[in-house]
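Have a look at the structure below before the remarks.
Read the figures in this text as sums done on the coordinates, not as results from a lab. Note that this is a predicted model, so its numbers are computed, not measured. Cβ sites come from the backbone with ideal geometry, for glycine too, and all protein chains shown count toward neighbours.
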Amino acid sequence: MKALLIGVTTLLLAGCAQQPLRGTGDLGIVIERADGRVAVVDTTARTVLGHIAGLGDLSHASTVFSRDGRYAYVFGRDGGLTKVDILQQRIDKRVMQAGNSIGGAISQDGRLVVAQNYTPGGIKVFDAQTLELLSEVPTQSKVVGLADLTGQRFAYALFDKGEIWVTDLTDPRAPKTQKYPAGLQPYDGLVTPDGRYYMAGLFGEDGIALLDTWHPEAGARKILENYGKGQEKLPVFKMPHLRGWAVAGNQAYLPAIGRHEVLVVDKSNWRETRRISVKGQPVFVMARPDGRQVWVNFAFPDNGWVQVIDTLKGEVVQTLQPGKAILHMEFTPRGEHVWLSARDDHTVSVYDTQTFQRLTTLPAQSPSGIFFTSRAARTGF
Amino acid sequence: MRRMTFLIGLLALSGAVVASEPATARQKELIHLVRQDCGSCHGMQLTGGLGLPLTPEALKDKPFEGLVATVVYGRPGTAMPPWKSIITEQEAEWIVRALVAGFPEDVR
């Protein structure tokens, strides 16, 4: 018996020897959109640890993380939902859940993963561990801007119907949904870090629909109405992405659609306080975790630029050209570095956010989204 | 004179199908543009997203001129922008023809 135990222990140790113990707090993934592949990256060593292939069409892909930071749930364009084991660098589970998908979210307690779909329009609820389908809410509309709220609730917007829906999944097999009129063609949404306010950006009109989820009975109201003042907007070659709430102090920074501007809003009354001219039409407007800087990338054809706004000065303090077709930016958990994907250069660059120096450049095939595990602990990510 | 003949030759060619064919290098750029940037809404595989699918199957009953006009002038009331600041009408025609026939892959 003793011999057997020693034998088993030796085997276990041998297993450990192959894969040294490590945490995932400084890991993340980079979507390699053209190859249906993700790269696993280490933000401490600033290296690519390996690749995981077989994730389908990732031309538009987003990712959420399990609360232990070990698994990444990758939502692909083709409706594939893949649970990736970051530590073992392999696919743990994969389901085809829709015809055309746009992203997803994970519940406050980490037990439910919800996908938002264009075709067929609606959301689908999965057990985060097994990816078993638990329920669905059909919408007869494309779903955008899905975000997790507190209490197993999820907010999302309907592009074709102009509504915000909030679905309560306290009983995940029996969803309860409330609907609120929002405005013309919501294109994306976000929730504030405290989980209180849900916002849907509108494409069909100037303005943003705002729902106070602590006072849902008041319904959604419009803020930043007429920020274009009836001027014809520029052709929008790429929709802005709102996920990545940029808030610094009491000011929130939002992309203006069809304009070369970032809008600044006072969070206490939701009034516009300022607008900042930038290089192009913003796609991502993201605050460094400490809120002192806001980084902005742009839609085609200005997507080779990145600008940095100093939130104390309220102006652009740095203009960078990190590469061709900058699709996404991700800050390290405390924001000392930012990782930028350059799709057409097939590189990911790491910049120091204090000195704006490029620290390293890593190879990646057509990189798009960069997602670090620190998202696991954040509402709305 | 030789130059004149060359010009006439060019004119004759422009009457033929070859006319609106962009140069090979530009074709490469256009393929990249369609797959990657039109792909933001229509999907890199052109199977649709916020925008409609652009596969041969999806386009087969749509009139050619209408498709070209949509690319050049956009579709007011929808998210489809006008692309006329980026591409010419001839290039739009070439793109639509290629979409209907089955769009080439983006070679990296």
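Annotations
- Ranked A:ARG343, A:ARG243, criterion: other C-beta atoms within 10 Å, fewest first: A:ARG243, A:ARG343
- In this structure the amide hydrogen of A:VAL317, modeled in the peptide plane, comes within under 5 Å of the amide hydrogens of A:VAL308, A:ILE309, A:ASP310, none closer than 5 places in sequence on its chain.
- Residues whose placed amide H lies under 5 Å from that of A:PHE203, excluding near-sequence neighbours: A:TYR187
- For chain A, projected area of the alpha-carbon convex hull averaged over all directions, nm²: 19.6 nm²
- Along region A:344-353 the Karplus relation, 6.51 cos²θ - 1.76 cosθ + 1.60 evaluated at θ = phi - 60°, assigns HN-Hα couplings of 7, 9, 6, 9, 10, 10, 10, 10, 7, 7 Hz to successive residues, with x for each Gly and Pro.
- Kirkwood Rh, Cα atoms: Rg over Rh of region A:173-257: 0.99
- Listed pairs A:LYS142/A:LYS176; A:LYS179/A:LYS222; A:LYS222/A:LYS313; A:LYS142/A:LYS238 exceeding 26 Å between Cα atoms: A:LYS222/A:LYS313
- Close amide H partners of A:HIS51, meaning residues 5 or more places away or on another chain with modelled amide H under 5 Å apart, are A:VAL40.
- Helix axis angle, A:2-18 relative to chain A longest principal axis, alpha carbon, degrees: 40 degrees
- Nearby aspartates and glutamates by direct alpha-carbon distance to A:LYS279 (threshold 18 angstrom, same-chain neighbours under 8 apart not counted): A:GLU261, A:ASP302, A:ASP310, A:GLU315
- Sparse packing (at most 10 other Cβ atoms within 10 Å of the Cβ) combined with a DSSP loop state is found for the following GluC sites (Glu not before Pro) in region A:193-302: A:GLU232.
- Karplus (6.51, -1.76, 1.60) ³J(HN,Hα), θ = phi - 60°, over region B:68-81, in Hz, Gly and Pro reported as x: 4, 4, 4, 5, 6, 9, x, 10, x, x, 10, 7, 6, x
- Helix-derived mean residue ellipticity, 222 nm - over chain A, DSSP H n ≥ 4, -39500 (n - 2.57), to 500: -1500 deg cm²/dmol
- Build a GNM of chain A with springs between Cα atoms under 10 Å apart, and of A:ASP345, A:ASP160, A:ASP194 the one that fluctuates most is A:ASP194.
- In terms of its Cα atoms, region A:100-211 spans 41, 31, 20 Å along the principal axes, sorted from long to short.
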